[in-house]
Amino acid sequence: MAALWREKLWRRLDWPLLGALGPLVIAGLVTMDSFAGDRYFFDRQLVWFAVALIVLLLASLIDWQFLRRSGVLVALYFLGAALLVILLLAGSAIKGAQSWFNWGGVSFQPADFMKLILILILAKYFSRRHVEIAHLRHILISGLYALLPFGLIFFQPDFGSAVVIFLIWLGLAAFSGISRKHLFGVLGAGLLAFVILWFFVFQPYQQARILTFLHPLNDIRGAGYNSFQSTIAVGAGQILGKGVGLGTQSRLRFLPEYQTDFIFAAFAEEWGLVGVSLFFILFGLVIWRIIRQALLSETNFEALFAIGLAVWFLSHFTIHVGMNIGLLPVTGLTLPFASYGGSHLVAEFLGLGILMGMRRWSRGFHRDDIKNEFVGLT
């Protein structure tokens, strides 16, 4: 029996993907390790990595066909939304954002799992309407699915995760075959609304806050301090880096939150261009394996789910790196698989585990079940 389970597990896992994930996680662990007395972040993240890996392995063994049921996804969606509402009312505020539940030193961030739930429900919605997807109402209805978590997360305030929610919706809408004319029309209407708010509603001090948010390096002694220090760290790495544990910006605490929001800058300082290039290659391999699964999927639901995962990870990666090199505003987004934090790591590994489980169980998917995929969710 044990041998049979090992064989099943071996066949369901995507070993090239896991081979790329391992070094990414290790890179984060090494970067946050103090190599001195206090190894708080390293030790806790090592535990979270073990938990996340177990979650991935278990998820890869499950037949996820039940996720095609509308009732299951709607229940998950409203459960996630309810947690976000409770969070606004009773969550713990950390550094000005009410984004975590805190129980005895263990923090939980519902937004990470809401991103995964949103991918599932949008994949379901778009897969069922592939024939009539050009209708404008599908942009509006799918947008409402994204609008609720977007608003709840935006008002925490967690601007970075709210942007990722929007990008997940935009990416899946674009890949699902929705009319580009309608899509750009909705985006244009949103831009017009912002312009009207800027000139006729926002007060001067509100405009100043937004400009500082968009261009933090204009105020390096205030709001732009973190961004300024991160660009120094990235540049200090040069070609080969200063060496593991020798990054002055992070080790001497010039760079705040080096284990989470600015872990890319801390890594770049110690590993240089060579290490960063290797990190990019490994992350690219992870995305390629996900996209490959989308191309090989037997149903639109599985393909769109894989695309949603790729959009989720790429959004986090691009925004995190952009804010670390001073090209994007500081939003507090984690670097996938590398930043400190259990919620995002478990959610990411769960998403990959679901993808691997879908790959195995979809091979015997019956034609009648595939037809039923396109009836439902309104």
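Where a number appears in this text, it was derived from the coordinates with a stated rule and is not lab data. This structure is a prediction, so every number in the text was calculated from the model and none was measured. When we count neighbours, we look across all protein chains shown, and the Cβ atoms used for this are built from the backbone with ideal geometry, even at glycine.
Each peptide in 13-26, 174-187 receives the mean, over its residues, of other Cβ atoms within 10 Å, and ordering these scores from highest gives 13-26, 174-187. Summing Lys and Arg as +1 and Asp and Glu as -1 over all other residues whose Cβ lies under 12 Å from the Cβ of Val286 gives a net charge of 0. Along segment 327-340 the Karplus relation, 6.51 cos²θ - 1.76 cosθ + 1.60 evaluated at θ = phi - 60°, assigns HN-Hα couplings of 8, 10, x, 6, 10, x, 7, 7, 8, x, 6, 10, 5, 5 Hz to successive residues, with x for each Gly and Pro. For segment 221-326, the calculated P(r), taken from all Cα-Cα distances in 5 Å bins from zero up to the bin holding the longest distance, is 2, 13, 19, 18, 14, 11, 9, 7, 5, 2, 0 percent.
Dividing the radius of gyration of the alpha carbons in segment 13-372 by their Kirkwood radius gives 0.97 for Rg/Rh.
Applying a DSSP loop filter and a limit of 12 other Cβ atoms within 10 Å to the trypsin sites (Lys or Arg not before Pro) in segment 217-277 leaves Arg221, Arg253. Measuring nothing but how far apart in sequence close Cα pairs (under 8 Å, 6+ apart) lie, relative to its length, segment 53-162 scores a relative contact order of 27 percent. Listed values for segment 346-356 are Karplus-derived 3J(HN,Hα) couplings in whole Hz (6.51 cos²θ - 1.76 cosθ + 1.60, θ = phi - 60°), namely 5, 5, 5, 5, 4, x, 5, x, 4, 4, 5, and x replaces Gly and Pro.
Count Lys and Arg as plus one, Asp and Glu as minus one, and take only other residues whose Cβ is under 14 Å from that of Lys115; the net charge is then -3.
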